[in-house]
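J.: This is the structure, below, for whatever I ask next.
The values are calculated or read from the model by the stated rules, or taken from the named source; none is laboratory data. Remember, it's a predicted structure, so these values are computed and weren't measured experimentally. No Cβ is skipped: glycine too gets one built from the backbone with ideal geometry, and neighbour counts run over all protein chains shown.
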Amino acid sequence: MRGGRRRIKRGGARVKDYRRQYPLFSLCGLNCGLCPRHHANSPSKCPGCGGEDFYRKHPSCAVISCAKKHDVAFCFECGDFPCPRYAAASEKDSFITYRSVLEDMKRAGETGIEAYMGALGEKIVFLEYLLAHYDDGRRKSFYCAAVALLPPDALEKTRAYITDEIESKPLSTGGEAARVADFIARTAAEAGIDLRLRK
C-alpha cells in the first residue's frame, strides 16, 4: 500500500510540472482543441495536454511518462512510433473521438507541427462558431466529432450551407440548430462517416 501511494505521488508530481507549447494537440495525437471538455463552461473545462492546471483534470498519464523517457514533445517524434500503444488507440472514444489519432500524428509529422497547428486552429475557430450560434444545449459532442472527423471539403460545404441557407434565409420559426445539425449528419453519411462516439 505504501509503495503504491509513493508511486502515485511521484507520478502526480511529474504531471503537475508538465507544460507543453501546443496544449491543443496532445503529445499522443488527440486534438484537444476539438474536445467538448475544452469548450465546457464549468470547472470540468480541460486546458488541453500540458496546459495550465492540466494535472487537476489528469493527475496521471502513462504517455507523458513515456514521452519523458524518450525526450519527445509528440509521439510521432519517437523512433518507436507507431508503437504497440497505437494498435488499440482507436478502439473506443471518451469525451473526444480517437479515430483519427494515428492519421493526425502522421500528418503532423509530415507537414510539420506549425502547419498542422494552423489547420487545427481553423477547425477550432469553426467549431467555436458552431457552438456559439447553433448549439441548443445538446449538440456540443456532435459538433466536436463532426469538425474532427469530416474532411476539409465537407467542412467547406457546411460553411457554405450555413452562409447560403441559414444566415441569408432565416425562418421565422427558428430551428437553425436542428437544420445545421441535420445538414452535417447528412454530409457525414454521404462520406460514410459515423459521428457517434464509440463507448
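J.: Return yes or no: is Arg107 outside any helix (DSSP H, G or I) and surrounded by 12 or more Cβ atoms within 10 Å (Cβ to Cβ)?
T.: no
Per-residue answers, yes or no, for (1) farther than 22 Å from Lys123 by Cβ; (2) in contact with a strand residue (DSSP E or B) (Cβ under 8 Å, 6 or more places away or on another chain); (3) at pLDDT 90 or above:
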site	(1), (2), (3)
Gly48	no, no, yes
His58	yes, no, no
Lys69	yes, no, yes
Asp93	no, no, yes
Thr97	no, no, yes
Ala108	no, no, yes
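J.: Right, Ile124: in a loop (DSSP other than H, G, I, E, B) and among the β-branched types (Val, Ile, Thr) or not?
T.: So Ile124 does not fit the description; no.
J.: Does Gly29 count as closer than 18 Å to Gly109 by Cα, outside any helix (DSSP H, G or I) and among the small types (Gly, Ala, Ser)?
T.: Yes: the conditions hold for Gly29.
J.: Identify the single condition in (1) over 13 Å from Arg196 (Cα atoms); (2) in contact (Cβ under 8 Å) with a residue 40 or more places away in the chain; (3) surrounded by fewer than 16 Cβ atoms within 10 Å (Cβ to Cβ) that Ala132 does not satisfy, given that it satisfies every other one.
T.: Condition not satisfied by Ala132: (2).
J.: Against the condition within 17 Å of the chain's Cα centre (by Cα), of a type in the set (Phe, Trp, Tyr) and surrounded by 14 or more Cβ atoms within 10 Å (Cβ to Cβ), how does Tyr86 come out, does it pass?
T.: yes
J.: Among the residues of the stretch 160-199, write down those that are within 11 Å of Phe142 (Cβ to Cβ) and surrounded by 16 or more Cβ atoms within 10 Å (Cβ to Cβ).
T.: Residues satisfying the conditions are Ala177, Val180, Ala181, Ile184, Ala188, Leu195, Leu197.
J.: Would you mind finding the one in Ala40, Ala73 that is among the small types (Gly, Ala, Ser), within 23 Å of Leu149 (Cβ to Cβ), surrounded by fewer than 20 Cβ atoms within 10 Å (Cβ to Cβ) and modelled with pLDDT of 90 or more?
T.: Among Ala40, Ala73, only Ala40 is among the small types (Gly, Ala, Ser), within 23 Å of Leu149 (Cβ to Cβ), surrounded by fewer than 20 Cβ atoms within 10 Å (Cβ to Cβ) and modelled with pLDDT of 90 or more.
J.: Check whether at least one residue in the stretch 48-65 is surrounded by fewer than 20 Cβ atoms within 10 Å (Cβ to Cβ), among the basic types (Lys, Arg), within 17 Å of Thr97 (Cα to Cα) and in contact (Cβ under 8 Å) with a residue 12 or more places away in the chain, and report yes or no.
T.: No, the stretch 48-65 contains no residue that is surrounded by fewer than 20 Cβ atoms within 10 Å (Cβ to Cβ), among the basic types (Lys, Arg), within 17 Å of Thr97 (Cα to Cα) and in contact (Cβ under 8 Å) with a residue 12 or more places away in the chain.
J.: Kindly indicate whether any position in the stretch 129-140 is over 26 Å from Ser94 (Cα atoms) and within 21 Å of the chain's Cα centre (by Cα).
T.: no
J.: Which one of Cys32, Cys78 is in contact with a helix residue (DSSP H, G or I) (Cβ under 8 Å, 6 or more places away or on another chain) and surrounded by 15 or more Cβ atoms within 10 Å (Cβ to Cβ)?
T.: After applying the criteria, what remains is Cys78.
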